[in-house]
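Here the structure comes first, spelled out in structure tokens, and everything after it is commentary.
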Amino acid sequence: MFARGETILQLMERLAPKHYAVPDDKIGLQVGTAAREVRRVLVTLDVTPAVVEEAATIGAELIIAHHAVIFRPMAHLRTDTPSGALVADLLRKDIAVYISHTNLDTAEGGINDWMAEALELSGRDVLEEVHTDKLYKLAVFIPESHHEKVRNAMFAAGAGWIGNYSHCSFNIEGTGTFLPHEGSDPFIGAQGKLSEAREIRVETVVPLSAKKKVISAMLKVHPYEEVAYDLYSMDLKGRSFGLGRVGVLPAVETLDRFAERVKTALQVPFVRMVGDGAKPIRKVAVLGGSGAKYIRHAMFAGADVLVTGDIDFHSAQDALAAGMTLIDPGHHAEKIMKPNVASWLSEQLKEKGYATEVFASQVDTEPFRLR
């Protein structure tokens, strides 16, 4: 059995929820349809003519990319322009394209975490907050016989986290009353008779990102035909998600030695550097993509160096004057997402019993060449 496109996109949005994206980012399904079975998926950083040909060659009906196919507004769809010809080729070959961009940058276990892990950074924190998970208080009434079963199902689905503490709840014993009417099938009591049941009111905290999953898990194992529960919005701040990561190296290294680590870990042929090569480096900020505007964020976080792409001349000058060290491995260092997304998605599909295959693109979409 092959997964439908909608199922695959739902899985991707579990990894990188859409609301994690920065405002106005071009994400989601951009070309084609998800309303069909998908035998093969191709994961790529960019969608280029060579990538489209690669997808067609392996028989992929869906491309998952990091960078948008349609980034700027298109006033027309002309096939005699590069952008128009690319979209026309995708439609001709019946290949859909789904974009996961800054939401994948922001997500825990996304691009910035993969880059930080590759550089062996520990004690990681977010560099720039983008989204804070809204919190809800869930209160549900459970018969004593199913108390632990329902509560544990909610915990397993993501409820009950307060800071670094999990399985947090408050439990109150009491008596519930109900009168089943015609057409009902009560777990306790009988139709037409006022019934009482020993119940436990369980209160726990649920983040927005896990709300649907927690409620679904609760309803699935709760024995009642009609489950009585309340959901309250809270003003308390939940977990923060954001762009970039800040962490520490296993040991102090010079900037020159750390630059070699960056080249090896991110698999790039060269890096550009700003700063003294002998400078000791321990605390590192990393941000995939273009991060010039986050130099001051890295300084404020106490980082010894910022690893990010697309550093322009004037930003480099300003950083040097401010005593901030930079390493630019290029925007294409985000290619780290290809094997990681492909592996994660493949595991999720197999776990659910789907035969859909996921491939990491082998096409090099780096536009720059060295001489």
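The values are calculated or read from the model by the stated rules, or taken from the named source; none is laboratory data. Computed from a predicted structure; not experimentally measured. Heads up, the Cβs are rebuilt from the backbone with ideal geometry, glycines too, and the neighbour counts pull from every protein chain shown.
At-a-glance table
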| quantity | calculated |
| --- | --- |
| Residue in region 131-151 that is within 30 Å of His19 (Cβ to Cβ) and hydroxyl-bearing (Ser, Thr, Tyr) present | yes |
| Top-ranked residue of region 78-93 - restricted to ones that are part of a loop (DSSP other than H, G, I, E, B) and of a type in the set (D, E, K, R), ranked as nearest to Ala355 (Cα to Cα) | Lys93 |
| Subset of region 332-357 that is touching a strand residue (DSSP E or B) at 6+ places or on another chain (Cβ under 8 Å) and closer than 15 Å to Leu9 by Cβ - its residue that is surrounded by the most Cβ atoms within 10 Å (Cβ to Cβ) | Val341 |
| Residue match in region 223-239 (condition: among the small types (Gly, Ala, Ser) and closer than 30 Å to Ala292 by Cα) | yes |
| Residues located in region 140-168, provided they are buried (at least 16 other Cβ atoms within 10 Å of the Cβ) and among the small types (Gly, Ala, Ser) | Ala153, Ala157, Gly158, Ala159, Gly160 |
| Matching residues in region 129-172 - criterion: being within 30 Å of Val286 (Cβ to Cβ), free of Cβ contacts under 8 Å to residues at least 40 places away in the same chain and assigned to a loop (DSSP other than H, G, I, E, B) | Gly163, Asn164, Ser166 |
| Contacts under 9 angstrom Cβ, first residue in region 190-206 being in contact (Cβ under 8 Å) with a residue 40 or more places away in the chain and assigned by TED's automatic domain parsing to the domain that holds Ala228, partner β-branched (Val, Ile, Thr) and not in a strand (DSSP E or B), 6 or more apart | Ala197/Ile188; Val202/Val150; Thr204/Val214; Val206/Val214; Val206/Ile215 |
| Search result, residues across region 59-71 that are part of a loop (DSSP other than H, G, I, E, B), within 16 Å of Thr102 (Cβ to Cβ) and of a type outside the set (Val, Ile, Thr) | His66, His67, Ala68, Phe71 |
| Some residue of region 305-325 being buried (at least 16 other Cβ atoms within 10 Å of the Cβ), outside any strand (DSSP E or B) and hydroxyl-bearing (Ser, Thr, Tyr) | yes |
| Region 15-28 residues that are hydroxyl-bearing (Ser, Thr, Tyr), paired with ones that are part of a loop (DSSP other than H, G, I, E, B) (beta carbon under 7 Å, 6 or more apart) | Tyr20/Ala107 |
| Gly174 being out of contact with any strand residue (DSSP E or B) (no Cβ under 9 Å at 6 or more places or on another chain), over 30 Å from Ala303 (Cα atoms) and not acidic (Asp, Glu) | no |
| Test: residue in region 129-143 that is of a type in the set (Val, Ile, Thr), more than 30 Å from His331 (Cα to Cα), in contact with a strand residue (DSSP E or B) (Cβ under 7 Å, 6 or more places away or on another chain) and modelled with pLDDT under 95 | no |
| Answer residue from region 102-128, given it is touching a strand residue (DSSP E or B) at 6+ places or on another chain (Cβ under 8 Å) and charged (D, E, K, R) and is surrounded by the most Cβ atoms within 10 Å (Cβ to Cβ) among those | Asp105 |
| Single residue of Leu243, Leu208 found to be under 30 Å from Ala333 (Cβ atoms) and in contact with a strand residue (DSSP E or B) (Cβ under 6 Å, 6 or more places away or on another chain) | Leu243 |
| Residue list for region 273-297, filter: closer than 26 Å to Lys338 by Cβ and either in a helix (DSSP H, G or I) or in contact with a His (Cβ under 7 Å, 6 or more places away or on another chain) (or both) | Gly289, Ser290, Ala292, Lys293, Tyr294 |
| Exclusive hit being small (Gly, Ala, Ser), buried (at least 16 other Cβ atoms within 10 Å of the Cβ) and part of a loop (DSSP other than H, G, I, E, B), set Ala75, Ala56, Ala34 | Ala34 |
